[in-house]
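Report on the structure given below.
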Amino acid sequence: MEFIIDANILMSALIAREGRTYDLIFTERLKLFSVDKLLQELEKHRPEILAKSGLSEYEFDVFLAIISAKIEFVPYSEFEKFVPEAEKSSPDPNDTEYFALALKLNCGIWSNDKKLKTQNKVKVYSTEDLIKILQ
């Protein structure tokens, strides 16, 4: 199954490394994609993630390397033409690129942001939704 993974899911996995979210990221049953700016977003929140997770700088860097191998990061230029349509359907302007990528790849978004489910253009799955699907 293919999904777009958003930044909040990865931050949650980093902060609670022994949880269901972390396990789902690394299951072989999911093929994950994300926007190329996601790694920059994680870097931007590095101090907050380190403080909340107890990770060292080294452990954070190792996690970034591991997820870079697990998640296919798609350059903006590959989904740019879907941005206008995504701008119309995304309830949050900060999530427009995730919606554009989902439209390009014709797959759902994995996010726990409930307001993203208020539209009907792209299917949005919470962590709980994915757990139920994969059981």
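Give me the distance in nm between label points sitting 7 Å out from Cα along the Cα-to-Cβ direction at Ser77 and Arg17, one decimal.
3.6
Using a Gaussian network model of the chain with C-alpha springs under 10 Å, which one of Ser53, Ser90, Ser77 is most mobile by mean-square fluctuation?
In this elastic network of the chain, the residue with the biggest mean-square fluctuation among Ser53, Ser90, Ser77 is Ser77.
Determine ³J(HN,Hα), in whole Hz, for all residues of the stretch 46-60 in sequence, where each value follows from phi through the Karplus function 6.51 cos²θ - 1.76 cosθ + 1.60 and θ = phi - 60°; x replaces Gly and Pro.
With the stated coefficients, the stretch 46-60 comes to 3, x, 5, 5, 4, 5, 7, 8, x, 5, 7, 4, 4, 4, 4 Hz.
Please give the contour-minus-distance gain from Glu28 to Lys44: 0.36 nm per residue of separation, less the Cα-Cα distance, rounded to one decimal in nm. Let's see the in-between values first.
Numbers: separation 16, 0.36 × 16 = 5.76 nm, distance 2.84 nm.
Residue separation times 0.36 nm, minus the Cα-Cα distance, leaves 2.9 nm.
Within a 10 angstrom radius of the beta carbon, how do Met11, Met1 rank from fewest other beta carbons to most? The partial results should precede the final answer.
Values: Met11 18, Met1 14.
Result, fewest neighbours first: Met1, Met11.
May I ask you to derive the FRET efficiency for Leu64 and Lys88 from their Cβ-Cβ distance with R0 = 35 Å, giving the value to the nearest 0.05?
Values: r = 33 Å, r/R0 = 0.93.
The value I calculate is 0.60.
Using Cα-Cα distances under 8 Å and only pairs 6 or more residues apart, what relative contact order does the chain have, in percent?
Details: 170 pairs, mean separation 38.5, N = 135.
The value is 29 percent.
Restrict the search to the stretch 19-113; then list the GluC sites (Glu not before Pro) that DSSP places in a loop and that have at most 13 other Cβ atoms within 10 Å of their Cβ. Before the final figure, lay out each step's value.
On the way: sites: Glu28, Glu41, Glu43, Glu48, Glu57, Glu59, Glu72, Glu78, Glu80, Glu85, Glu87, Glu97; in loops: Glu28.
Filter output for the stretch 19-113: Glu28.
Bear in mind these aren't lab numbers, they're just calculated from the coordinates by the rules spelled out. The shown structure was predicted, so the numbers you read here are calculated from the model rather than taken from an experiment. Note: ideal-geometry Cβ built from the backbone for every residue, glycine included; neighbour counts use all protein chains shown.
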